[in-house]
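The values are calculated or read from the model by the stated rules, or taken from the named source; none is laboratory data. Please read these numbers as outputs of a predicted model, since none were measured by experiment. Every residue, glycine as well, gets a Cβ built from its backbone with ideal geometry; the counts of neighbours run over all protein chains shown.
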Amino acid sequence: MICYVGLGANLGERELTLRRAIERVKKIPATKLLRVSSFYETEPWGVTNQPKFLNAAIKISTDLEPLNLLDALQRIELELGRIRRERWGARTIDLDILLIDGREISTERLTVPHPLLFERDFALVPLKEIFPTLNCKLRGDKIIRATGSPTDFKFKLIACVDKNFGLGCGGKLLFKIPADLKNFRRLTLGHTIIYGRKTLQTFPNRRPLDGRRNIILSRTLEHSDGAEVVGGLEDLFGALNVAEDNFVIGGAEIFGELISYAAEIFLTVVNAEVAADTFFPRTDDFILRDVKTLDGFEFRRYTR
């Protein structure tokens, strides 16, 4: 089922807490993070003598039953220091199920749609960003777009795949097409490229690529001449500049980690079916904007 979850925080390091909450949602069993909104700074609601909030919304797919999902979200709140003292009071983190697949639920523990959703611009504004067809009317409350969301980095994913979105086999790329390599260079030269340790092994002489800022995302690699090595997404976000173009170039695990935050995808799709053991993530939550057909393959560009 498709579910929309609202996030809010007004104590401690708000941006960091929201990002950590989103990463924990990604790890809920049978659940996939599909999309993340910008962060918005909002005035407190209900109890006004407290700090301003940062709010966001995320879109997920999950096989969990609604109450099981609620349990998982509340465990994340506890892990991140949520203490329930007063209704609508200050909190380290709040995770609310807003909508589920157009379903209506009314139980002692869970009401969907969230009973106050359509009275709260702080929930509706980020939700509308990732659910643009939502039929709702905003009240005109003061909502300010803030920095700190992983979507601020506007990640651009770029890969060459077969018709089944196969990426590689046995640690090797499936294709080396001159036109694709030329297009890759044109897009990424002068920008930041982000990749994993295994992708580094596919480069000439296993060295970072010239003319680009190379960032390797790896939990095991400690150093690579000509590149910056970061051990996790929080370190990656700290290293990036929102004013740069940040291209994610592989491999499959890195694509999977960052596709929910991506703004664009550039795929070279070869009209062939090749044995593969790694695959590019599904692009269902993106819109195919441009297709350029060449001899035996296509250049495709997807956006949100």
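Please specify each residue of region 120-155 satisfying the condition of being under 30 Å from Phe297 (Cβ atoms) and in contact with a Leu (Cβ under 8 Å, 6 or more places away or on another chain).
Phe153, Phe155 - these are the residues of region 120-155 that are under 30 Å from Phe297 (Cβ atoms) and in contact with a Leu (Cβ under 8 Å, 6 or more places away or on another chain).
Identify, please: which residue in region 226-272 is surrounded by fewer than 19 Cβ atoms within 10 Å (Cβ to Cβ) and polar (S, T, N, Q) and is, among those, nearest to Asp162 (Cα to Cα)?
Asn271
Mind listing just one residue for me: the one in region 143-160 that is over 18 Å from Gly6 (Cβ atoms) and charged (D, E, K, R) and, of those, modelled with the lowest pLDDT?
Lys154
I'm trying to understand the selection: among the residues of region 243-278, which are over 16 Å from the mean Cα position of the chain (by Cα) and of a type in the set (Val, Ile, Thr)?
Selection gives Thr268, Val269, Val270, Val274, Thr278.
Being of a type in the set (Val, Ile, Thr) and under 24 Å from Ile177 (Cβ atoms), is that true of even one residue in region 232-253?
Scanning region 232-253 turns up at least one residue that is of a type in the set (Val, Ile, Thr) and under 24 Å from Ile177 (Cβ atoms).
Inside region 1-26, can you point out the residues that are under 10 Å from Leu80 (Cβ atoms) and not in a helix (DSSP H, G or I)?
Ala9, Gly12
Looking only at region 91-142, count how many residues are within 19 Å of Val36 (Cα to Cα) and part of a helix (DSSP H, G or I).
11
Can you find, within region 27-56, the residue that is surrounded by the most Cβ atoms within 10 Å (Cβ to Cβ) among those that are part of a strand (DSSP E or B) and of a type in the set (Val, Ile, Thr)?
Val36
So which strands (runs of 3 or more DSSP E) stay within region 167-232 end to end and still have 3 or more residues that are over 25 Å from Lys292 (Cα atoms) and hydrophobic (A, V, I, L, M, F, W, C)?
Those strands (runs of 3 or more DSSP E) span 213-217.
Quick one: count up the residues across region 285-298 that are among the acidic types (Asp, Glu) and free of Cβ contacts under 8 Å to residues at least 12 places away in the same chain.
Summing the residues that are among the acidic types (Asp, Glu) and free of Cβ contacts under 8 Å to residues at least 12 places away in the same chain in region 285-298 gives 2.
Of the residues Ile97, Ile60, which single one is closer than 24 Å to Asp141 by Cβ and modelled with pLDDT of 95 or more?
Checking each option against the conditions leaves just Ile97.
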